[in-house]
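Notes to accompany the following structure.
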Amino acid sequence: MLDRTDNPPLLEIRQVTRRFGALVAVDNVSFKVRKGQIFGVAGPNGSGKSTLFNVITGIPFSPSAGEVLLWGQPIHRLKPHQISRAGVVRTFQKDAEFATLSARENVYASAVYCAQIDSAEAREAAEQALDDVSLARERRGKAASDLSVFERKQLMIASAIAGRPKVLLLDEPAAGLTKPEVSDLSALIRTVHERGITVVLIEHVLPLLLKVSDHLMILNHGAIIASGKPDEVVRNPQVIEAYLGKREARL
Ligand code: ADP
Ligand code: MG
């Protein structure tokens, strides 16, 4: 459901830069994410993808320069919890759940923190989020550390959507998954999207990106080298040279 005239965009990144000493991890990056998009982001290791999510969410740091806008309102000076409560929620490349808490408790904690709702409502939101990601009911009482790799991905996404984000930033969610699981993940991302959540998806697994994204942006050395329709972007000679190389042959 690509949105009406949709001006301003849901999320806008304006000339954002993040430096670490002499290293420019994100270099003057600007782009807009429209409501209802699945916006894909790819690029070589170290190209600044995760740093981009860091500066959008303030977790753990803000941009060195530039602006991040949500519905046209600046959010880059807000604290991380204010940004997530405003509707911008991220997942992490590494497991970030509370290992000894059950799946249900993890999602509940996230609902309380992010959506700031009372306990009965949070319990309901948690159960709904677990339903949305199809985590089996009999697994919801298990400690997060006892879940399989794919179940932990379901938990990660349930925890993120329990806070009712407007835009969900997924950082390489397919890492560690088998091919059939990647296919299940793409169905899961589509389900979340159908619930009305706009998605920004960083991913190395290009077939997944090409399957679900309606826009693809490629970073290299912190800068955007291509941005547009996914099938056109992957044919861009600069993208093939910088990123795809021999991988392109496998697409
Ligand atoms: P990607 O997610 O695309 O693999 P990152 O955003 O993690 O890339 O990293 C981009 C660059 O910034 C890399 O060179 C990385 O080493 C550097 N970097 C990331 N975070 C930090 C940090 N906290 N301190 C110093 N350098 C960092
Ligand atoms: Mg990364």
- Of all residues in the range 51-64 being exposed (fewer than 15 other Cβ atoms within 10 Å of the Cβ) and in contact (Cβ under 8 Å) with a residue 24 or more places away in the chain, the one that is nearest to Phe31 (Cα to Cα): Ser64
- Query: Out of all the residues in the range 173-192, is one or more within 15 Å of ligand 2 (Cβ to nearest atom), touching a helix residue (DSSP H, G or I) at 6+ places or on another chain (Cβ under 8 Å) and closer than 27 Å to Asn28 by Cα?
  - Reply: yes
- Elements of type strands (runs of 3 or more DSSP E) in the range 1-97, at least 1 residues being over 17 Å from Val199 (Cα atoms), among the hydrophobic types (A, V, I, L, M, F, W, C) and within 13 Å of ligand 1 (Cβ to nearest atom): 11-20, 23-33
- Message: Looking at the range 31-40, can you tell me whether even one residue there is surrounded by fewer than 23 Cβ atoms within 10 Å (Cβ to Cβ) and within 13 Å of ligand 2 (Cβ to nearest atom)?
- Response: no
- Item | Qualifying residues in the range 65-101 (those that are under 19 Å from Ala25 (Cβ atoms) and not aliphatic (A, V, I, L, M)) - the one farthest from the chain's Cα centre (by Cα) | Gly66
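No value in this document is a laboratory result; all are computed from the given coordinates. Computed from a predicted model, the values in this text were never measured in an experiment. All Cβ positions, glycine included, derive from the backbone under ideal geometry; neighbour counts span all protein chains shown.
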